[in-house]
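> Dropping a structure here in structure tokens format, bear with me for questions.
The values are calculated or read from the model by the stated rules, or taken from the named source; none is laboratory data. Predicted, not measured: the structure shown is a model, and the values here were computed from it. Every residue, glycine among them, receives a Cβ derived from its backbone with ideal geometry; neighbour counts consider all protein chains shown.
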Amino acid sequence: MKRRMEPRKTAKQMDRIVCAVRWRLRPSERWRQLRRAAILVLTLWMIVVLGMISASMLEETHLELRLAQFQRSDFEALCLARAGLAKAIADLRNDLEMDRTRQSEMFDALGDIWARGDEGKLGRNNEGIEMGRGRFWVWIEDETAKLDLNTVAMNHIMLQALLQEVGLKPKEVAEVAAAILDYRDPDDMCNLPPATGKEEEYYSKQRRTSDNADSDGDPKARPTYRCKNDRFSTVEELLYVHGVTPQLYYGVDPEKEELPDPIQQTLARLDAARSPRARERKIGLRDLLTVRNAPTVNINTAPAEVLRVVLRAATHDPKMSEQIANNIVLMRKPDARGNYSNEGAFKNVAELAKVAGMPVNLIPQMMTVAPLSVRSDHYRIWSLGESGKSRRLICALVQRSLEICQPEQLFQLYESGAVRARLAERFYRRYGRDRNPIEQYTVRVVQWQEY
């Protein structure tokens, strides 16, 4: 048995020896195979890394392209909004020129070209005016149709009528009216009859009480309420006044309903213009007030709420005020398309006597409460531009006026050398030696906001 196993064992050993000799005789092939394997693995890793770099660069490039497209659409929307603003300013200037050339009494009403939606500001079916790759919508509001906050804030009777109109409870009317008056008047004494002492101390104590704090604490505690004792710069300053809640100011309760931003408000107004049956929200103080620094109210453009405030302050009769205000609004009833006509507009304030139910002696009483007029000089322009998915809104408060310049004054400046020779030459080339007054229709921007 041993002799039979030895040949097999010897053959296996010989095979091992032969293989070892072969590997020793050809070492280059072994290293060549290892090198090829290493190169293959390295190549695969390089492909993976380059693929990852390419994917990240592709994603970054895609994001940059989208950002560039968004910036382009945003800029186009802003340009469209500015185009709508320019059109609105042109309409206001043309309307003033038409009123000036018309041989009759000058008045502003809802039938003028600046107030008509079919004059190219809202487009067909309120779908906007197409321009380039987008469109724009324009609204013009008459600020003279609102009550001037700085004038109303100094009149306790008007304040009470205003707060009653926006639905404030009778028990709170006197307190909130006194708080607005104290915030506006120049003195430091509280105007609320039960209250005594300085304004800031009283209202600070009231706020600490409303916050469930200890109202009988240190009497020398630093006041937490500050009265401006000056004119209101914006209508939004009413939110700083004690008792003026966001619901009273906006007309909605912020805790129950989200306050829309200016663009959403404009879109909601557009939907309301498309569908007259759209639900109307409750009005707030901001819908009836302005800070244009002009106390007059245009009876041709004032809404029924403003008319009711003036009539209630003059008559102290809510039912009579509502009836007369509705009769005034009925005289400017729109047609089936929602457009107004100036046929029923008031040419002067004295024509209020022809309103049904209007007592003759009521007009002077209304004039003492709030000066009435049929002219408007301040307007608020809302211009919305849309391009792709981008929307931009411009809100501008403008003042329109007719400026008359006497050439005699200009000639004296030119001849004395106070004005550069180039301007004097251009003036002579255009007007020559004409001594007639020069009329200029101007629309100046007072405030500008972009959203």
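> Of the residues that make up region 48-71, is at least one in a helix (DSSP H, G or I), in contact with a Lys or Arg (Cβ under 9 Å, 6 or more places away or on another chain) and at pLDDT 85 or above?
Scanning region 48-71 turns up at least one residue that is in a helix (DSSP H, G or I), in contact with a Lys or Arg (Cβ under 9 Å, 6 or more places away or on another chain) and at pLDDT 85 or above.
> Determine whether N327 is of a type outside the set (D, E), assigned by TED's automatic domain parsing to the domain that holds L248 and at pLDDT 90 or above.
yes
> Mind listing whichever residues of region 162-205 are among the basic types (K, R) and farther than 18 Å from T245 by Cβ?
Within region 162-205, R184, K198, K205 meet the criteria.
> Can you tell me which residue in region 154-190 is farthest from G111 (Cα to Cα), limited to those that are touching a strand residue (DSSP E or B) at 6+ places or on another chain (Cβ under 9 Å) and crowded, with 20+ Cβ neighbours inside 10 Å?
Only one residue fits best here, namely C190.
> Shifting gears a bit: Does A109 satisfy being modelled with pLDDT of 90 or more and farther than 24 Å from L267 by Cα?
Yes; evaluated as a whole, the condition is true for this residue.
> So which residues in region 301-318 are without any contact (Cβ under 8 Å) to a residue 60 or more places away in the chain and more than 17 Å from Q160 (Cβ to Cβ), if there are any at all?
A304
> Could you go through region 300-312 and let me know if any residue there is farther than 29 Å from D253 by Cα and at pLDDT 90 or above.
yes
> Take the residues in region 391-419 that are assigned to a strand (DSSP E or B) and of a type in the set (D, E, K, R); name whichever of them is modelled with the lowest pLDDT.
E403
> Could you look through region 250-277, keep only residues that are over 22 Å from E237 (Cα atoms), surrounded by 13 or more Cβ atoms within 10 Å (Cβ to Cβ) and of a type in the set (G, A, S), and pick out the one that is modelled with the lowest pLDDT?
Step by step, filter region 250-277, then rank; the result is A273.
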